[in-house]
Each structure stands twice: as structure tokens, then as C-alpha cells.
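Single-structure report; data block below.
The values are calculated or read from the model by the stated rules, or taken from the named source; none is laboratory data. What you are looking at is a predicted structure, and each value in this text was computed from that prediction instead of being measured. Positions of Cβ are generated from backbone atoms using ideal geometry, with glycine treated the same way; all protein chains shown enter the neighbour counts.
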Amino acid sequence: MGRRTASGAGPILSADPIPAAAGIGLRHPHVPAFLAGGPPVGWVEVHSENYLVPVGARGGGPRLKQLEAIRRDYALSCHGVGLSLGSAEGLDEAHLARLAALFERVQPGLVSEHLSWSVTDGVYLNDLLPLPYTDEALGVVCRNVDRAQEVFGRQILVENPSSYIGFAGSTLAEWDFLAEVTRRTGCGILLDVNNIHVSAHNHGFDPEPYLDAIPAETVGEIHVAGHFVAAMDDETLLIDDHGAPVDQAVWRLLEAALGRLGRRPILVEWDTNIPELSVLMAEADKAQRILDTLCPEPAAAHVA
């Protein structure tokens, strides 16, 4: 359920932890409903770059003010899409500063980024591009994660990607690469089970060993989403477009993940072909039922 303050006003001084419950991605068409009272959902997640303002700027415009109003009622997670943890040239310090200012302002319970790259020579590419899983790339990602956590003054979660091609030069499995990033930097993992399903189908590997290899204690959040099935000659390619209901195979993989990890926050992503809020809430309700069935909350202690 949404969290209400007594007055609904005033600054937010401390972060609310993200509950181990189902949440949804907050998208612009649904903002009015949240401002009008809000649906009964455990928490919300936003894309950080949609709310950036110049460092030191006052106000921030209507979009950021709307987020601050919603933040007073809901625990919030910020999910970045532009930090480019895989950039060999390092992170954009100006972008880091803007993100840090946003996090200071809205105090999210979790902050996450992608295991990918999207910036080169100061040019931002409108995609989350894959990395070779090599020792050299591992060093680059770890240096960038360390720098981000230093600037933010907090742990970040790193999300496993969806992928469509592999690099011949890769020497590590993706799951081993990701686990090693957590070991070297102390970051956590945002485990996207739709991405695991998409990549497993596209590359022909079994997703179960992926789940087995992820250190359970590092997983701070789980994502589920829909994907697109593209026919290619006699084969199919799965594309992570976040534009459809969650596939049954992904729900099953979520169940397998929860069986290994225990109770975790689960986020339903839907970023394209955005439906009515009631449709998204139905997906969140399904995630909540799975979570409560497989990982029931401990009974509250009785106080005499």
C-alpha cells in the first residue's frame, strides 16, 4: 500500500527501504492517478534520467515536483539507463553529479544501473550495448562501479542485461562476470529474470545454472517484464521490449529465483505500449501472489 504522511507536505529527509513486495514502474500516463490518491502498490520505480536538473537548481519543473509529491506516499527506487558502467573512458562526472543531486533530493531506497555501455567520446547512444566478458572489461566495470558508489555515497545494484549476440573473445560466463563485480566492489545485483529468459533463449543456454551462480545475498531487487517474439527464418529471437504482459515462462523463472533467494522486492516493468493502470496493477497483483505463496512474510511477534 502507499504510505501517507500526516500533512503530505515538507521535505523528505531519509530514505524509506524498499519493501519485499511487488512494485511497478511509474510512467507518465499513470502519474495523475498516483497524485489523486494512488493505487495500493508496495513501491514505485522511475528512470533516473527523466528527472535530472542542473546541479544546484531550485524547483526542477513540474515533473520533478510531481515525483516529490508521489515520493511522500510511496517508497521509491531509481533505475538509471545512461550511466554507462561499461565505458572504458570512465564515467561522465557531470552526469554523476546530477544523479547524486537527484538521489539527495528524493532519497530513493534503491539505486540501480545496467551492466552495459552507451557512451563513447561524450556521445550518448540510445541503447544499452553489450560488453565482452573479459578480465579487461571486468576491470573497467569495477572501476566505474567504485566511482559511482563513491560519488553517491551508497551501494548501487547492477542489472544483468538481455543480449542477442555474444563476443567470441569472452572468457567468462555472464553470471560469473556479474558475481565477480559484486565481490570486488561490494555492489548488489538487480536480477532481471526476463532478461535471463530472453538471453537463455537467444543463446541456447539453461537459465537454471545462471540462478544457481548468483550470490543470493547480493540480490536486492528482481525485475519481471514482457518481451517481443520476432520470427527469423526458422528460428525466433526474443527482444526485451517491456511492451507486453509477463510471459508464463518468465513467471516460472521468477518462482525458481524466489525458491533460491527468498523474499525480495519485485518490480513489474512496462515501458512501451503502456496499458491502462489497471492492467499493470493486475500484473503486480500476480507477482505479489507468487511472492506471498512461495515466500510468506514471517508472522508478527506477539507482545503480551
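Listing for the model above:
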| read-out | value |
| --- | --- |
| Qualifying residue in segment 101-121 (condition: at pLDDT below 95, aromatic (Phe, Trp, Tyr), surrounded by fewer than 17 Cβ atoms within 10 Å (Cβ to Cβ) and not in a loop (DSSP other than H, G, I, E, B)) | no |
| Out of Ser48, Ser84, sole residue that is modelled with pLDDT of 95 or more, within 18 Å of the chain's Cα centre (by Cα) and not acidic (Asp, Glu) | Ser48 |
| Residues satisfying the stated conditions in segment 276-296, i.e. acidic (Asp, Glu), outside any loop (DSSP other than H, G, I, E, B) and surrounded by fewer than 19 Cβ atoms within 10 Å (Cβ to Cβ) | Asp285, Asp292 |
| Selected residue (criterion: farthest from Phe152 (Cα to Cα)) from residues of segment 201-227 that are more than 19 Å from the chain's Cα centre (by Cα) and either part of a strand (DSSP E or B) or free of Cβ contacts under 8 Å to residues at least 12 places away in the same chain (or both) | Gly204 |
| Output for segment 68-96, where each listed residue is of a type in the set (A, V, I, L, M, F, W, C) and either under 29 Å from Gly42 (Cα atoms) or surrounded by 19 or more Cβ atoms within 10 Å (Cβ to Cβ) (or both) | Ala69, Ile70, Ala75, Leu76, Cys78, Val81, Leu83, Leu85, Leu91, Leu96 |
| Residue count, segment 145-165 (criterion: part of a loop (DSSP other than H, G, I, E, B) and not small (Gly, Ala, Ser)) | 7 |
| Verdict on Glu255 being surrounded by fewer than 17 Cβ atoms within 10 Å (Cβ to Cβ) and closer than 22 Å to Leu157 by Cβ | yes |
| Residue within segment 89-109 that is under 28 Å from Tyr164 (Cβ atoms), within 15 Å of the chain's Cα centre (by Cα) and not acidic (Asp, Glu) present | no |
| Flag for Leu191 being hydrophobic (A, V, I, L, M, F, W, C), assigned to a strand (DSSP E or B) and in contact (Cβ under 8 Å) with a residue 60 or more places away in the chain | yes |
| Condition check for Leu64: of a type outside the set (Lys, Arg) and under 30 Å from Pro132 (Cβ atoms) | no |
| Residue count, segment 124-144 (criterion: part of a loop (DSSP other than H, G, I, E, B) and crowded, with 16+ Cβ neighbours inside 10 Å) | 4 |
| Among (1) in contact with a helix residue (DSSP H, G or I) (Cβ under 8 Å, 6 or more places away or on another chain); (2) without any contact (Cβ under 8 Å) to a residue 60 or more places away in the chain; (3) not charged (D, E, K, R) - the single one Trp117 does not satisfy | (1) |
| Count - residues of segment 24-66 that are free of Cβ contacts under 8 Å to residues at least 40 places away in the same chain, outside any helix (DSSP H, G or I) and of a type in the set (A, V, I, L, M) | 4 |
| Residue within segment 253-275 that is part of a loop (DSSP other than H, G, I, E, B), among the polar types (S, T, N, Q) and within 26 Å of Gly166 (Cα to Cα) present | yes |
| Val31 vs. criteria modelled with pLDDT under 95 and either among the β-branched types (Val, Ile, Thr) or in contact with a Leu (Cβ under 9 Å, 6 or more places away or on another chain) (or both) | no |
